[in-house]
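One structure is given below, encoded as structure tokens.
The values are calculated or read from the model by the stated rules, or taken from the named source; none is laboratory data. As the structure is a prediction and not an experimental result, all values here were calculated from the model. Every residue, glycine as well, gets a Cβ built from its backbone with ideal geometry; the counts of neighbours run over all protein chains shown. All accessible areas refer to the heavy atoms of the entire protein, side chains included, with ligands and DNA or RNA removed. Shrake-Rupley method; radii C 1.70, N 1.55, O 1.52, S 1.80 Å.
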Amino acid sequence: DVQQVMNAVRPKLVQFSIEVTLNEALFKKIKEVHDTSDRSKLSVEEQTLLDKTYNGYVFNGALLKGAQRTEYEQLSQKLSKLTSDFGNNIANSTASLKVVIKAADKHRLAGIPADVVESYAQNAKEDKDPDVTTDDYVILMTPPPLAVYEYADDRSLRDEEIVAEAYLL
């Protein structure tokens, strides 16, 4: 659901950002303050804010004209879409990472708080994988299963490759 909302909102946010940074009237005022300010009257923080604001506009295309400006807008939209798609692909691929503990191996979950073990049982009930039964336990890797690291008595569970990789994410 969050991905769908972000996918719907992101293009609008990017377009708004582009419109603000390419707003010639706004940049003209920022440039005027930047170029004509008596810096001796500004605190270090005010100078830094002025420079960062000015440079932010410059680095985001405010000085571009004509075809370059149009190309910048198109490339910004394309980059935003590719970045969004990449993030979605990462989220979707890591969402499928899991460790399945079969019901017969429930002892491997010893030490993990009961409410966490119950959430693993709930994950199994919701899992669409035909190899996972409703009696199993599914440890999802997103977010990383910190309870496994903190509480599991079974060291081999903590050492499983996929769990270790999720912890490093």
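Tabulated values for the structure
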item	result
Angle between the chain longest axis and helix 24-36 axis [Cα atoms, degrees, rounded to 10]	70
Degrees separating the helix 114-126 axis from the principal Cα axis of the chain, which is the longest one	80
Normalised convex hull volume, the chain, alpha-carbon set, Å³ per residue	174
For the chain, built as a Gaussian network whose Cα springs stay under 10 Å, the top-fluctuating residue of 129, 105, 153	129
Compactness of the range 1-45 - radius of gyration and Dmax, Cα, Å	17.2, 51
Two-site FRET efficiency, residue 7 against residue 102, from Cβ-Cβ distance with R₀ of 35 Å, rounded to 0.05	0.45
Set of lysines near residue 31 by C-alpha distance (under 20 Å), chain-local residues within fewer than 8 positions excluded	41, 52, 65
Heavy atoms of residue 80 accessible to a 1.4 Å probe, total area in Å² rounded to 10	20
Dipole-positive endmost among 104, 124, 63 within the range 25-153 (Cβ charges, Cα centre)	63
Trypsin sites (Lys or Arg not before Pro) lying in DSSP loop within the range 49-81, provided at most 16 other Cβ fall within 10 Å	65
Residues of the range 1-33 with amide N under 15 Å of the 7 Å Cα→Cβ point at residue 81	7-15
When the range 113-152 is reduced to its Cα atoms, the Kirkwood hydrodynamic radius in Å	10.5
The chain: calculated mean residue ellipticity at 222 nm from DSSP helix runs of at least 4, using -39500 (n - 2.57)	-21000 deg cm²/dmol
Ratio Rg/Rh, restricted to the range 70-148 and using Cα atoms, in which Rh is the Kirkwood radius	1.26
Per-bin percent of Cα-Cα distances, the range 1-99 [10 Å]	13, 32, 25, 19, 8, 2, 0
Cα-centre dipole for the range 56-164 with unit charges at Cβ (Lys and Arg positive, Asp and Glu negative), debye to 20	700
Length-normalised contact order for the chain - Cα pairs under 8 Å, 6+ apart - percent	19
Distance between modelled label sites at residue 23 and residue 159, nm, 7 Å Cα→Cβ extension	6.0
Full-stretch length increase - residue 38, residue 15 - with 0.36 nm per residue and alpha-carbon distance subtracted	4.9 nm
Carbon/sulfur fraction of accessible area - the range 72-157, other protein chains in place, 1.4 Å, %	58
Residues of the chain: accessible area per residue with a 1.4 Å probe, Å²	68
Student exercise, the range 98-137 dipole from Lys, Arg, Asp, Glu Cβ charges, in Debye to nearest 20	100
